[in-house]
Amino acid sequence: MRGKKHNDVTSDPVGTNVELTNRPGRGGNPQWARISPEGHADRVPTAKSGSAPGMGDPEKKDDARHLLQEAVHKEELSIGDGSEILVTKPGDLNIDGLRARIEALRKLYAAHDKSIPSRRNLLASLAADVLELGPTYIIDSMDCDNLERNRFISIFKRDKLGRATEADLRIIGTSDKLIQGGDALADAFLYTGACPRRDFTVYKKLYGFLPETVRRIRHNPTIHILSTHAGDLAAEQPIHGDKFYQLFADFVRAFQETGNGFETNYAGCKPTDTTYAYRALVHCISEDVRAAVGSS
């Protein structure tokens, strides 16, 4: 019917029902107006054909596009200092950014690989410097007791083995004092610390065992026997004969063949092969000492 108003009811953005009225406009196009609860009519911008009311305005389109972009879950691939990937929202990764990150990591790892040989060369050079400065550093860092014990081993290397090094000769030259007698436990600790000795075979020849084994022995009479062996071996006039050295070798072998190379029960109540070897060695030492005393 001509001239009749067609009213519709809709909701505003906050959920309040408002009434829209369709009035004739220019060119026969309908003109929408909003009827407020008080009965006032507010003009609504005309939409293009096929559009919802209010979407014909370019500013409205921009606002709608902005809201739409915020609603879509897009993630951002952030490459900051070259050390991490930050994904701010779930979804598909930015492939171009991911490829760039992978390439950056590949170059970083390649640079590390290239630096490894140079670092190894540096370590080798530092090790050579330590060896070159070692003799002087060892002497300067020793206290009196350690220096005397080092002199004992170095003199043995010079006089009995004939293979003293430059470091040994410097250590020997620090004093004219004559060193007599071995000390298995004290000498074992010369192979630890900031600047340790490295002539393990010399220590083993003197004491029968490596330093690390001697440091674990808690039986003082055994430590005394090891020291007796070293002192006699280094002495200008030994008091023990071939029997003593053979029994000492038997004890060392029995000790190493039991308990994964470290006998722990030979001094206990239940005798073992090491116990018998130990007792024979002690008896031999007593006999040799009595013979030496009787002949003096």
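The values are calculated or read from the model by the stated rules, or taken from the named source; none is laboratory data. None of these values were measured; they are calculated from a predicted model. Counting neighbours? That spans all protein chains shown, and the Cβs are built from the backbone with ideal geometry, glycine included.
Listed conditions (1) aliphatic (A, V, I, L, M); (2) assigned to a loop (DSSP other than H, G, I, E, B); (3) modelled with pLDDT of 90 or more are all met by Ala194, apart from (3).
Looking at the range 172-183, can you tell me whether even one residue there is loosely packed, with under 15 Cβ neighbours inside 10 Å and within 27 Å of His283 (Cβ to Cβ)? Yes: one or more hits.
Select from the range 252-273 the residues that are among the aromatic types (Phe, Trp, Tyr) and part of a loop (DSSP other than H, G, I, E, B) and write down the one among them that is surrounded by the most Cβ atoms within 10 Å (Cβ to Cβ). Looking at the filtered set, the residue picked out is Tyr266. Just one of the numbered conditions (1) closer than 16 Å to Phe262 by Cα; (2) in a helix (DSSP H, G or I) is not true of Arg216: (2).
Among residues belonging to the range 281-290 that are more than 18 Å from Thr264 (Cα to Cα) and touching a residue at least 24 places away in the same chain (Cβ under 8 Å), point out the one that is surrounded by the most Cβ atoms within 10 Å (Cβ to Cβ).
Start the filter on the range 281-290 by keeping residues that are more than 18 Å from Thr264 (Cα to Cα), which leaves 283-290.
Cutting the leftovers down to touching a residue at least 24 places away in the same chain (Cβ under 8 Å) gives us 284-285, 288-289.
Details: Cys284: 18, Ile285: 20, Asp288: 18, Val289: 13.
By that ranking, first place goes to Ile285.
Whether a residue is modelled with pLDDT of 90 or more, at negative phi and either outside any loop (DSSP other than H, G, I, E, B) or not small (Gly, Ala, Ser) (or both) was assessed, and Tyr276 passes this test.
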